[in-house]
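Reading through the C-alpha cells given below for one structure.
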Amino acid sequence: MNSINKLADENLGSFPEVMLSLFTKMRIAAKTELQEVADKFQKQLKKYLEENPDAENNDPLKERLAKASDYFSEKLEINLVVPLAAADLDIDNKAVKKQLKHTIDNLLTEVETKLAGFEVCKEGFDVKVLLNEQAKASLDTKSAKGKAKKAKPIQDLENIPHLELYKTLRAWRYEKSSESGIPAYMIFSQKALIELVNYLPIDTKSLQLINGLGAKKIENYGADILQIIQLYCDENEIERGLIPLKETPKKEKKPKEDTKKVSFELFQSGKTPDEIATERALSKNTIESHLAHFVKLGELEVTHFLEENKLKKITDYFVKTENKSFGEAKAHFGDEVSYGELRMGLSYLESLEGK
C-alpha cells in the first residue's frame, strides 16, 4: 500500500492526465480490495492463533490462509500487475520518467514477492519454504531487470521461416493490441511468435505447446491464430503438422512427505521430542503437535507424555469448558503445564470421544 501511495503522490504535476487517473484508480482499489480486507483478515488470523499458536500445524488456519491466498493473488494481478502492464509510461521529462520507472520496478518486485508467498500458502504453511520462495522471487525479479538491458533479438528476420506469415501474425497482434488497449506482448510474446511460424501448430492441443500461450490466451486468440496459419499454409501449399513440437516433460511430483509420520517413527525408535526437534530442525512445539495427532488416533499412549495427575487436571478442564482455546487454557494453568502438554491432554480426550 505504501508503494501505491508513493507511485500516486510523486511528481503528480509532471504526469499526463491519463496516468494520474490510472494511479488514482490503483490506489483506491488497493485500499478497498487489499488493505481494508487485509486488516479484517489480520483479526481473523489472531483468533485462529489464539486457539492454536502453532501455525504450521493449525489446520483451520492453513485452510483459511489458502482461501485468502487465492483472493489476494487475484486482486494483486487485476488491480496492480495488469494495469501497470497496459499503461503507457513514456513521458518527456527524463528525470520524472526515471523516478517513475524506479518506483514501478520496486512495486512489481514487492508484488512478485507477495505472489510467491501466496503460492506457498495455497499448499500449506511452512515458514522456511515461505521465506525461501519469497527470497527467490525477489532475486529473480531483480535479476530479470538486470538482464533485460542485455537482451538480444530472438532471431534475425532473414533466418525466420515463413516470413510472410510472421509479418501477418505480427500485424494481427498489433491490431488486437490497439483494439483492446493492452501491450502487444500481452497478446503473445515475440518468442511465441517465432515458435508459431517455426512449428505451424494445427490445433488447440499443439497451441498449448507454444511457450507463453496459456489457456486464457488460447481461449481469446487461439481460433484467430490457427485460422491465419491455416490460410497461409493453404495459399502456399504447405502441409502442417510435419514439424513435431517438443512437448516439455512434466516433472513428476514427489509424494509429499508425511511430516507427522516421520516424527512418529523417530519417537517409536526411542528418540525424545527434544531430540527429534533437533534432528529435524523444527520446534519442540511442532514435534509435540505431530505426536499428539497419534495420541488422538489412539496409536500412542498419552502416558508417554503426561503423568496421571496432570492428565486428569487437563482433561477435567477441557471437559468443563466449551472453549477449547489453548491460549485460555494456558492462562488458566500458567506455568504448571506447557502448550505441548495441553495439546496431548486434549488429543487424549478427543481419542476417547471417538471411541
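Which count do you get for residues in the stretch 54-73 that are over 15 Å from the mean Cα position of the chain (by Cα) and either among the hydroxyl-bearing types (Ser, Thr, Tyr) or loosely packed, with under 15 Cβ neighbours inside 10 Å (or both)?
2
Condition first: within 30 Å of the chain's Cα centre (by Cα) and either small (Gly, Ala, Ser) or not in a helix (DSSP H, G or I) (or both). Now tell me which residues in the stretch 263-308 satisfy that.
263, 277, 281, 282, 283, 289
Yes or no, residue by residue, for (1) open to solvent by 80 Å² or more (accessible area, probe 1.4 Å); (2) modelled with pLDDT of 90 or more; (3) farther than 26 Å from residue 50 by Cα:
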| site | (1), (2), (3) |
| --- | --- |
| 255 | yes, no, yes |
| 262 | no, yes, yes |
| 268 | yes, yes, yes |
| 283 | no, no, no |
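Restricting to the stretch 226-243, name every residue that is at pLDDT below 55 and open to solvent by 100 Å² or more (accessible area, probe 1.4 Å).
Result: 242, single match.
What residue, among those in the stretch 159-174 that are surrounded by fewer than 16 Cβ atoms within 10 Å (Cβ to Cβ) and of a type in the set (A, V, I, L, M), is modelled with the highest pLDDT?
This residue is 171.
For the subset of the stretch 301-348 comprising residues that are touching a Ser or Thr at 6+ places or on another chain (Cβ under 8 Å) and farther than 20 Å from residue 50 by Cα, which member is most open to solvent (accessible area, probe 1.4 Å)?
348
The values are calculated or read from the model by the stated rules, or taken from the named source; none is laboratory data. Given the structure is predicted, the values throughout are model-derived calculations rather than measurements. Please note: Cβ atoms are built from the backbone with ideal geometry, for glycine as well, and neighbour counts cover all protein chains shown. Heads up: the accessible areas ignore ligands, DNA and RNA and are worked out on the full protein's heavy atoms, side chains in. Shrake-Rupley method; radii C 1.70, N 1.55, O 1.52, S 1.80 Å.
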